1. If you take the Cα Rg of the protein assembly as shown and divide it by 2.2 N^0.38 Å, with N the number of residues, what do you get?
2. Using a 1.4 Å probe over the heavy atoms of the protein chains, calculate the carbon and sulfur portion of the accessible area of the protein assembly as shown as a whole percent.
3. For chains B and A, what's the summed buried accessible area, probe 1.4 Å, to the nearest 100 square angstrom?
4. How would A:ILE198, A:ILE134, A:ILE14 rank on accessible area, largest to smallest, probe 1.4 Å?
5. Evaluate peptide A:248-255: per residue, the Cβ atoms of other protein chains within 10 Å of its Cβ; return the mean as an integer.
6. Where is the GNM fluctuation largest for chain A (alpha-carbon springs, 10 angstrom cutoff): A:SER245, A:SER65, A:SER104?
7. What nm value, rounded to one decimal, do you get for the distance between A:LEU11 and B:ASP181 when each label is placed 7 Å out toward the C-beta?
8. So how do A:LEU19, A:LEU260 rank on accessible area, 1.4 Å probe, biggest first, that is with the largest at the start?
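The values are calculated or read from the model by the stated rules, or taken from the named source; none is laboratory data. Computed from a predicted model, the values in this text were never measured in an experiment. Neighbour counts run over all protein chains shown; Cβ positions are idealised from the backbone, glycine included. SASA here: full protein model, heavy atoms, side chains in, ligands and nucleic acids out. Shrake-Rupley method; radii C 1.70, N 1.55, O 1.52, S 1.80 Å.
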Amino acid sequence: MIALSIFDLALAAILVIGLAALSWHLRIGLEQRLLVSAARTTVQLLLIGLVLKVLFDNAHWLWVSAMAAIMVTVAGREVMARQKRRFAGWWGFGLGTLSMFLSSFTVTVLALVVVIGNTPWYAPQYAIPLLGMILGNTMNGIALGLDRLTQDVAQHRPALEARLALGQAWREVIADSRREAIRVGMIPIINAMAAAGIVSLPGMMTGQILAGVPPVEAVKYQILVMFMIAAGTGFGTVAAITFGSRRLFDERHRLRLDRLIQPKDD
Amino acid sequence: MPELRLHAFQTHHVGPIELAVAAGECVCLRGASGSGKTLLLRAIADLDPHQGEAWLDGAACSQMPAPVWRRKVMLVAAESHWWAERVGTHFPSDYDPDRLRELDLTPDALHWEVTRCSTGERQRLALLLEEPTGNLDPDTTAAVERLLDDYRTRNEAPMLWVSHDTSQIQRVADRGFVLEDGALRETS
């Protein structure tokens, strides 16, 4: 594989700077955010490159699990930050984080132990990238699904309470919103699988091919990753929406919107 | 005999309230906006957290599952809400369409789409009534009053009726109360 020099990267950076200049010229107002996020990409990726180098040199399970713990915590914060009406208190963070932990970790460990069968199974070259890809997609699914669930419930509160007042149980009342939220969380990965190879060449596969891996080998890995992502996203979204639906009602089948933090703009 | 009884009943800024509505009795409730009439009815239907206890026919609310309580102590909110496309979906499967005639509706109404119904046609029958005739014309108001009166006497149902219309209160109420500063005051 051809190694990139600083000069090569600087050349690519000129393109981004050119885009920023265009944004400034057209008064789009995105130049500052564009440059800041480009700088963040550079710093964050260089840092993670260093971290991974250290991690690969010290393939101890403690370091690998510490890294995994940091990744799931950051993903949990991200899920929370993307909610318009998130759950109050620890639930806001815990709901998404726990669901991601349950699904992403299980799926990743399954892939590492049963499918790939490397020794040791937690070898960071495999564990960290796999977990990263599954976690990133599961995070999206859970964030979308939870946001849809809480918005839906807040919007349809009168109808939901009318059904409760008629003596329907909370499970019956929430069923439609719940189904819709899970659908919304799972659609992106279903679409990604449907379009893979025809519309889009997935990043991991492209990267492997660039690194000189035979295309068919890269494709097999990509298929494995796609399935793992689908499973992680699906089970994670179902878990998060299920916990979330339960939390929206108390033991007396009351709709408890006071357990959500109201958005500031209304 | 089904009797609705509240003891040390408290929700938000309303209460503590002591109230007994006898079987077949209609108690009317009046009060300024924001006095908590809606909150009180919601709490009796156990839709809001509350302190104290409510009994129907000697059975305590906290001793039965909430959906069972709400099927017995039914709240009819001022605004009715539809959740499905067709009117009929909202009714139990064994509902007799002919009963709609009592409200001057045709049995076909069950197959209407919800958007076809004016708000006047959206009211239904129950025990905790929040201005049940609020948006109705005088003729339909009379029909609803007849229907509720018939239901009450036939089932000996206790009825708690929130209304702003003093002439309606005189027509339907056995007793009347005003909700003021979180407390009930009996009116003659």
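1. On the way: Rg = 30.4 Å, N = 454, 2.2 N^0.38 = 22.5 Å.
Taking N as the residue count of the protein assembly as shown, the ratio is 1.35.
2. Working: 15030 of 24720 Å².
Carbon and sulfur atoms account for 61 percent of the accessible area of the protein assembly as shown.
3. Working: alone 10130 and 16160 Å², together 24720 Å².
Counting protein atoms only, the buried area is about 1600 Å².
4. On the way: A:ILE198 145, A:ILE134 0, A:ILE14 105 Å².
Sorted descending by solvent-accessible area, the residues read A:ILE198, A:ILE14, A:ILE134.
5. On the way: counts 0, 1, 2, 2, 12, 8, 7, 2.
For this peptide, the per-residue mean of nearby foreign Cβ atoms is 4.
6. Among A:SER245, A:SER65, A:SER104, the largest GNM mean-square fluctuation belongs to A:SER65.
7. 8.4 nm
8. Values: A:LEU19 95, A:LEU260 10 Å².
Solvent-accessible surface, decreasing: A:LEU19, A:LEU260.
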